[in-house]
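Asks: Below you will find the structure I want to go over with you.
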Amino acid sequence: MIDAHLHLWSLETFVTGGVRPYAWLGPQHGPLFRSFQEDEAREVLEAAGMRGAVLVQADDTMADTESMLAVAARQPWVLGVVGWVRLDAPFEAAGQLDRFAANPLFRGVRHLVHDDPRDDFLELPAVRESLAFVARRGLVFDVPDAFPRHLGATIRLVRELPELTVVLDHLGKPPLADPSGMDVWRTGIASLARQENAVAKLSGLHVSGVDYSADSLREVFSLAVDAFGPERLMLGSDWPVSTLGAPYGRTVEVLLELVATLSPAEQDAVLEGTATRVYGLTAKG
């Protein structure tokens with residue numbers, strides 16, 4: 001199994017000027033407000049039977065990406081890195097992509113669109129130009145927490161830039177506690193999945209006030225399988241953010257209970273095959 005969505009961060013690391021990275025993270029996040037580093041990640045992965053993971057950016061900074069690539073160079077369980085480049089500045093993005101893409105473990109790009117104040121970020125001409133660079137380099141683009149603000153723009157992106165593979169993190173964050181919101185989410189997911197360059201992650205599905213269990217997630221899982229097919233779905237934990245909802249082992253256990261309803265070949269796709277193909281992962285010696 002491959003965990004296609006795992007984060008690391010160090011709150012002891014400061015950038016120039018003394019500004020703390022991961023500014024979105026604060027005391028209000030309780031037990032999440034600490035450093036989560038490679039040794040702890042390796043332990044939880046091994047305990048759950050994961051053979052490796054894809055590290056995904058948690059900060060819109062070069063320092064975060066450089067830190068993940070440094071970990072990837074040390075740790076055989078890191079199979080790939082989804083980092084950050086300045087998408088709204090194409091010239092700068094092109095240079096950053098050239099630099100990072102020289103490392104075969106750099107497999108994709110992500111921007112924290114849900115924290116960006118620009119509602120139209122994904123439709124900015126500069127961002128579209130940079131994403132075309134991403135596609136030409138054989139890299140993918142992850143979109144976090146798309147629903148509700150960015151799901152429509154994500155649908156337009158996959159339609160208008162078919163050469164770019166777009167990975168929808170956390171199934172777009174289905175609003176499980178909001179029946180009317182769920183209707184909008186279902187429609188949007190079905191529309192997105194009609195585009196063959198759209199892929200989705202079964203990750204980050206913990207919702208405040210909703211029991212995290214196979215029963216509570218069965219509907220969204222079934223819809224995702226029907227819409228994308230197992231060959232365009234991949235398993236991820238969203239650790240350590242997921243620890244606010246359940247320990248790592250429980251997060252994976254629930255997902256595996258759902259995946260177990262599929263055929264063996266379909267299970268292989270969700271648990272490892274899709275991530276390997278989409279991110280272009282190779283085994284590390």
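The values are calculated or read from the model by the stated rules, or taken from the named source; none is laboratory data. Keep in mind that what you see is a predicted model, and the values were worked out from it rather than measured. Don't worry about glycine lacking a Cβ; one is built from the backbone with ideal geometry, like all the others, and counts go over all protein chains shown. What goes into the accessible areas is simple: the full protein's heavy atoms, side chains included, and nothing from ligands, DNA or RNA. Shrake-Rupley method; radii C 1.70, N 1.55, O 1.52, S 1.80 Å.
Asks: Based on DSSP, what percent of beta bridges with both residues in the chain are antiparallel, to the nearest 5?
Replies: The antiparallel proportion sits near 5 percent.
Asks: Excluding L157 itself, what net charge comes from residues whose Cβ is under 9 Å from its Cβ, given Lys and Arg +1 and Asp and Glu -1? Please list the in-between numbers first.
Replies: Values: positive: R128, R156, R159; negative: E123, E160.
Within the 9 Å Cβ shell, the charges total +1.
Asks: Averaged per residue, what accessible area in Å² does the chain show with a 1.4 Å probe, protein chains only?
Replies: I get 40 Å² per residue for the chain.
Asks: Right, another one. Towards the positive end of the charge dipole of the range 166-246, with charges on Cβ (+1 Lys, Arg; -1 Asp, Glu), say which of V166, L205, S191 has the farthest Cα.
Replies: Most positive-ward Cα: V166.
Asks: A follow-up question, please. Less than 12 Å Cβ to Cβ from W9, Lys/Arg counted +1 and Asp/Glu -1: what total charge do the surrounding residues give?
Replies: Surrounding charge for W9 is -3.
Asks: Determine the share of the chain's accessible area contributed by carbon and sulfur atoms, expressed in whole percent, with a 1.4 angstrom probe. Numbers along the way, then the final one.
Replies: Details: 6220 of 11440 Å².
For the chain, the apolar C and S fraction of the accessible surface comes to 54 percent.
Asks: Ok, one more. Could you give me the percent of Cα pairs per 5 Å distance bin for the chain, shortest bin first, beginning at zero and ending with the bin that holds the maximum distance?
Replies: 1, 6, 13, 18, 20, 19, 14, 8, 2, 0, 0
Asks: Can you tell me the order of 36-43, 219-226 when each peptide is scored by its average per-residue count of other Cβ atoms within 10 angstrom, highest first?
Replies: Numbers: 36-43: 15.8, 219-226: 17.5.
Ranking, from highest mean packing down: 219-226, 36-43.
Asks: Then there is this: Taking the range 175-285, how much of its Cα-Cα pair set, in percent, is spaced more than 24 angstrom apart?
Replies: 25 percent
Asks: About the Cα centre, and with charges only on the beta carbon of Lys, Arg (+1) and Asp, Glu (-1), how big is the dipole of the range 1-70? Nearest 20 debye, please. If you can, show how the numbers build up before the last one.
Replies: Details: 4 positive and 11 negative charges, 27 e Å.
Result for the range 1-70 is approximately 120 debye, rounded to the nearest 20.
Asks: Would you tally the net charge around S67, using a Cβ to Cβ cut-off of less than 13 Å, leaving S67 out, and scoring K and R as +1, D and E as -1?
Replies: -4
Asks: While we're on this one: For the chain, with only Lys/Arg (+1) and Asp/Glu (-1) charged at the beta-carbon, what is the dipole magnitude about the Cα centre, in debye rounded to 20?
Replies: Result for the chain is approximately 500 debye, rounded to the nearest 20.
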